[in-house]
């Protein structure tokens, strides 16, 4: 059952509040939403009057969130995102559902994307929405149905399906090496590139080859 109408603010009021909360200015929010500053102010007043609580206050010339506003804006953004996703799904695929999938950028670009065409031909009734996520997140507080994740099975509250093992090899520009390395430890004499998503990637690779020294 839907909540009583008096507890359901208009989408325009929520959009105005979210924009002001993010930008800290009614003028900038008005510019982003193609409205006048007075229209933004009216939307904010209507929202606060409807809720019976102050969501924003002034700090100098900037609008800042109250404690109630900080809590409320998190939920508002989640609701607006879910509403947008539902609208996109209804418009692009009105006869079926959607699969909202969180992916790692490299995996999505090089492995998953080339295979989506075959999936779309086999399952034309399913719309696949992809978004990148680098770290585990709460499915309860996100619009995702599943995630493709690299790492150990240490993500709480989820079910796992193992996709494939991984083979890791170091690569470099050909002109960087004058001759092949004689052993894995020699790689420590060269500059190493690190990924934020795998801060200990080099250490694990070296230890697998018997090198205990950590990379710089």
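Modelled spin-label separation between residue 22 and residue 125, with each label point placed 7 Å from Cα along the Cα-to-Cβ direction: 3.5 nm. Taking the range 14-48 and a reference point 7 angstrom along Cα→Cβ of residue 62, the backbone N atoms nearer than 13 Å belong to 21-26.
Each of 194, 110, 149 has some number of other Cβ atoms within 10 Å of its Cβ, and from fewest to most they run 110, 194, 149. DSSP assigns beta bridges within the chain; of those with both partners inside it, close to 40 percent run antiparallel.
Just to verify a number: FRET efficiency for residue 173 and residue 207, C-beta to C-beta distance, R0 = 25 Å, to 0.05?
0.50
Spin-label model, residue 117 to residue 195: label points 7 Å out along the Cα-to-beta-carbon direction sit 2.5 nm apart.
Any chance you could give the angle, 0 to 90 degrees and rounded to 10, that helix 37-51 forms with the longest Cα principal axis of the chain? Between helix and principal axis, roughly 80 degrees. Here's the picture: a label point sits 7 Å out from the Cα of residue 90 along the beta-carbon direction, and within the range 109-150 the residues with their amide nitrogen under 17 Å of it are 127. Taken along the Cα-to-beta-carbon direction at a fixed 7 Å, the label points for residue 32 and residue 99 span 3.3 nm. Secondary-structure-derived ellipticity at 222 nm for the chain, considering helices only, amounts to -12000 deg cm²/dmol, per-run term -39500 (n - 2.57) for DSSP H runs with n ≥ 4. A straight chain from residue 145 to residue 164 at 0.36 nm per residue would run longer than the Cα-Cα distance by 4.8 nm.
What number, in percent, do you get for the relative contact order of the chain if the mean sequence gap of Cα pairs under 8 Å and at least 6 apart is divided by its residue count?
Numbers: 173 pairs, mean separation 27.1, N = 216.
RCO, the chain: 13 percent.
With respect to the chain, whose longest principal axis is taken over its alpha-carbon atoms, helix 11-23 is tilted by about 60°.
Relative to the longest principal axis of the Cα atoms of the chain, helix 67-92 runs at roughly 80 degrees.
Every number here is computed from the coordinates shown, using simple stated rules; none is lab data. This structure is a prediction, so every number in the text was calculated from the model and none was measured. We place every Cβ from the backbone using ideal geometry, glycine too, and count neighbours over all the protein chains shown.
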